[in-house]
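The values are calculated or read from the model by the stated rules, or taken from the named source; none is laboratory data. Source: prediction; values computed, not measured. Don't worry about glycine lacking a Cβ; one is built from the backbone with ideal geometry, like all the others, and counts go over all protein chains shown. Ligands, DNA and RNA are excluded from the accessible area calculation, which covers all protein heavy atoms including side chains. Shrake-Rupley method; radii C 1.70, N 1.55, O 1.52, S 1.80 Å.
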Amino acid sequence: MSSVTRISSFNEVVDALREEYPLEEKTFVQITRMGLDQDSHNRKEEPNKSAVVQDILDDLGKMHETADKLSDRFRIFLTADHGILWRDQLPSEDSIVCEDYHPHARFVEGGMNIKEGRTIFETDGVKSIGLGYPHLTRKLANTEWGVHGGFSYYESIVPLIEVTEDSAL
């Protein structure tokens, strides 16, 4: 399999794996797919979170079935890069801590000091301030159903699902 295979649907992942059969021992495959993040940012209507989660679990099931046909031993991990603080998890009264507009609702880029935030230093030395729950830099846009980049359980805890098969034993 080439180092990167671009796809437009999850079924193409399954097809690409089947084309590479048999996979060599200790083959690593990483699949990046959109999840809830895209629905949190710029969507006119409230996203159906449970339907998106079900789609992800359905894809996990397809991956399990495919891996089971291709190998006696495999391990699948499913996770997210961050959690999401959804609009309905915020108090009804906004806690806006910045006077000026900032593009991100949960963090501020640059050298500001905000008592409700914590400093984050990026690898390139750039300083950002992530806000603690439930503070925001600005009011959420009508199309913003969820945000991330601050410090809350919602943004920090991510799912981790493991599916392991070892039929060789």
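Summary of values
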read-out	value
Arg18, Arg75, ranked by accessible area, largest first (probe 1.4 Å)	Arg75, Arg18
His102 accessible area, assembled protein chains, probe 1.4 Å, Å²	30
Residue-normalised accessible area of the range 10-163, expressed per residue, 1.4 Å probe, Å²	67
Ranked order, Ile157, Ile76 - accessible area, probe 1.4 Å, largest first	Ile157, Ile76
In nm, spacing of pseudo-spin labels at Lys69 and Trp86 (7 Å Cα→C-beta vector)	3.4
Separation in nanometres of the label points that stand 7 Å from Cα toward Cβ, at Val4 and Val126	2.0
Accessible surface of the range 10-163, 1.4 Å probe, proportion on carbon and sulfur as whole %	50
Point-to-point label distance, Ile76-Lys44, nm (Cα→Cβ direction, 7 Å offset)	3.5
The range 60-169: chymotrypsin sites (Phe, Trp or Tyr not before Pro) in DSSP coil with no more than 16 other Cβ atoms inside 10 Å	Tyr101
Kirkwood hydrodynamic radius (C-alpha pairs) into Stokes-Einstein, the range 10-163, 25 °C and 0.890 mPa s, D in µm²/s	136
Fully extended contour minus Cα-Cα distance, from Arg118 to Glu93, at 0.36 nm per residue	6.8 nm
Dipole moment magnitude, nearest 20 debye, the chain about Cα centre, only Lys, Arg, Asp, Glu C-beta charged	420
For the range 129-147 versus the range 27-56, the gap between their alpha-carbon centres in whole angstrom	19
